[in-house]
Structures are given as C-alpha cells and as structure tokens.
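Q: Input: one structure, supplied below.
A short reminder: the numbers here are calculations on the coordinates, not readings from a lab. For clarity, every value in this text was computed on a predicted model and none was experimentally measured. Note that each Cβ is placed from the backbone with ideal geometry, even for glycine, and that neighbours are counted across all protein chains shown.
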Amino acid sequence: MLSKEQKREAISKFKEHKPLLGVFAVRCTATGQVWVGSSRNLGAGKNGIWFALRNRSHRERGLQDVWDEHGESAFEYEILEKLEGEVAPLAVTDLLKERKRHWMLQLNAPGLL
C-alpha cells in the first residue's frame, strides 16, 4: 500500500505527463493499404481506432470495410512522427494538419478523420 507521500508524488508525476503529439499510420498487411492520421495523444490513438473498428463504427468506411474483410490480425499501428519540444497550444492543430498532409502525400494514403 502506498503512503500519502507516495500517492502525492504519483499524482504529481501523472499531472506533469504530457501526451505525445504526432502522426501515425494504420496499415493493412494483407492489402498494403495505408491510412494516415494525427493525434494529440499517440499513446491512446491505437486504442480508440481499434475500439471503433471492432465495434464496426469507424467513420472511415474504406478502412472499416478492409478491417471487416481481413480482420484485426492484418492491421498495424505505426507512429510516423512525434512532435518533440514545446508547441504553442494555439499552433498544435495547424501543425498536426500540416504534418498529416505531408505524410499523406509521402505515402500516397488517404487521411483518417
């Protein structure tokens, strides 16, 4: 059991933790298709996408159709780029959009909503 001091320290570390911003790809190994997305929390990005796909509720119909056909085991989540350093809060959205566009062109892939 944690002491009060250990609990305070754990809470403090949690509050200081900043989610990882960046761009990711979802790849179907069976077809070679790739989709590109951006996230304010790359660590949780895969969980949200996989949850929607498993529940047949992902907004990207093309991705959902390929998932339904080939199954979860045919998919990979890959972090393409992490936005390191301090990014001004007002610039985050524009920077993520810019980097997402870059990777979509680089991989010739559609974007995820």
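Q: Stokes-Einstein diffusion coefficient for the stretch 1-65 at 4 °C in a medium of 1.567 mPa s, Rh from the Kirkwood formula over Cα pairs: what value in µm²/s?
A: Answer from the Stokes-Einstein relation: 90 µm²/s.
Q: Among R99, R27, R59, which one shows the highest mean-square fluctuation when the chain is modelled as a Gaussian network with alpha-carbon springs under 10 Å?
A: It is R59.
Q: Can you give the charge dipole size of the chain about its Cα centre, rounded to the nearest 20 debye, using +1 on the beta carbon of Lys and Arg and -1 on the beta carbon of Asp and Glu?
A: So the dipole magnitude of the chain works out to roughly 440 debye.
Q: Express in % the proportion of alpha carbon pairs of the chain at distances exceeding 20 Å. Display every interim value, and only then the final one.
A: Details: 3099 of 6328 pairs.
Tail of the P(r) past 20 Å holds 49 percent of the pairs.
Q: Then there is this: For the chain, please report how many Lys pairs fall under 28 Å Cα to Cα, leaving out neighbours fewer than 8 apart on the same chain.
A: 20
Q: May I pose another question? Between A74 and M1, what FRET efficiency follows from the Cβ-Cβ distance if R0 is 41 Å, with the result rounded to 0.05? Please list the in-between numbers first.
A: Values: r = 44 Å, r/R0 = 1.07.
Working from the Cβ atoms, E equals 0.40.
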